[in-house]
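Taking it in order: structure first as C-alpha cells, then the write-up.
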Amino acid sequence: MRNFENWETQDLEITFGLNQVWDNKLITDWLSATATFSEFEIELIERIRIRILRNVEFWNEDELKLQAIASIIEMANFTSDAFKSFSQRPLSATINGIEIGGRVDFMLAKGRQKPIEPYFFIHEYKQETKRGSNDPKGQLLAELLVAQTRNENKFPLYGCYVLGRNWFFVILDGTEYVVSNAFNSSDEDVYKIIAILKQVCINIENLHLS
C-alpha cells in the first residue's frame, strides 16, 4: 500500500488524471461564506488570533495542532446528527489497481463509531519554519481521492491543509480540483476561516436534504 504521505500532486495528476482548475463555482460559493459572531465569540477568537501571531513560528506540529487548529475547529462548532469528527483514523481504497491509504489527521464523516462516508478533511499541521520534501496538497488530494472512491463519487469532497498560520481550502469534484489562496489565521482572516469551516456543516446538511 502506498501511504498518503508518499504522494505528490504531480504523481496524482499523472496516475489518476487529476486536473487543477482555477475558476470553479463550488469554491467561489464556499469561500463567500459569512458568519456572525457574538461579543463573547469575538473575544475568544481574538485570543486565538493573538496566540497564533505571537507563537506560530516557534511551535512544533503538536503545539500548532493543540494551540491553534483545535481552537479554530472548536469555534467552527462541528456538531450535527448527520456527521461526526474523527482523528487519526485509517482510510484506504484501491484505485486503478493501486492501494492508497494511511491515517487521516481530521475528517468529518457519517458514522458513529467509525467513519463510513467522509465529507471533509483537514490535513497536515506543519509548523511554519519546517521545510521538507513532503507535498501537503498532494497528501490531502490523495485522501480526497480515496474518500471519493469509497463514496462512489456521489458528491464533491472538501478539505484544507494548514501550513503554520496559513490555511488553504481545496475541493475535489470528479477529476478536477481547485485550491484557494492562503488565509492567514494570525490576522483578520481568522474570522473568514471560521466562517468557511461553518459553511462545511451547512454543505453536509444540504447533502442529506437533497
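The figures follow:
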{"item": "Unique match (being among the polar types (S, T, N, Q), in contact (Cβ under 8 Å) with a residue 24 or more places away in the chain and over 30 Å from ARG54 (Cα atoms)) among GLN113, GLN199, GLN148, GLN139", "result": "GLN148"}
{"item": "Pick from segment 152-210, criterion among the acidic types (Asp, Glu) and either under 25 Å from ASN134 (Cβ atoms) or at pLDDT 95 or above (or both), ranking: surrounded by the most Cβ atoms within 10 Å (Cβ to Cβ)", "result": "ASP173"}
{"item": "Evaluation of LEU12 against (1) within 16 Å of GLN148 (Cα to Cα); (2) surrounded by fewer than 19 Cβ atoms within 10 Å (Cβ to Cβ); (3) in contact (Cβ under 8 Å) with a residue 40 or more places away in the chain (one fails), failing number", "result": "(2)"}
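So that you can scan it fast, the table gives a plain yes or no per residue for (1) modelled with pLDDT under 95; (2) more than 22 Å from THR149 (Cβ to Cβ):
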site: GLU5; (1), (2): yes, no
site: ASP23; (1), (2): yes, yes
site: ALA35; (1), (2): no, yes
site: LEU44; (1), (2): no, yes
site: ILE72; (1), (2): no, yes
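Let's see how each residue does on (1) modelled with pLDDT under 95; (2) surrounded by 17 or more Cβ atoms within 10 Å (Cβ to Cβ); (3) within 21 Å of THR175 (Cα to Cα):
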site	(1), (2), (3)
ASP81	yes, no, no
PHE120	no, yes, yes
LYS126	yes, yes, no
THR129	yes, no, no
PRO136	yes, yes, yes
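The values are calculated or read from the model by the stated rules, or taken from the named source; none is laboratory data. All values reported here derive from a predicted model rather than from experimental measurement. Note that we place each Cβ from the backbone using ideal geometry, even for glycine, and neighbour counts take in every protein chain shown.
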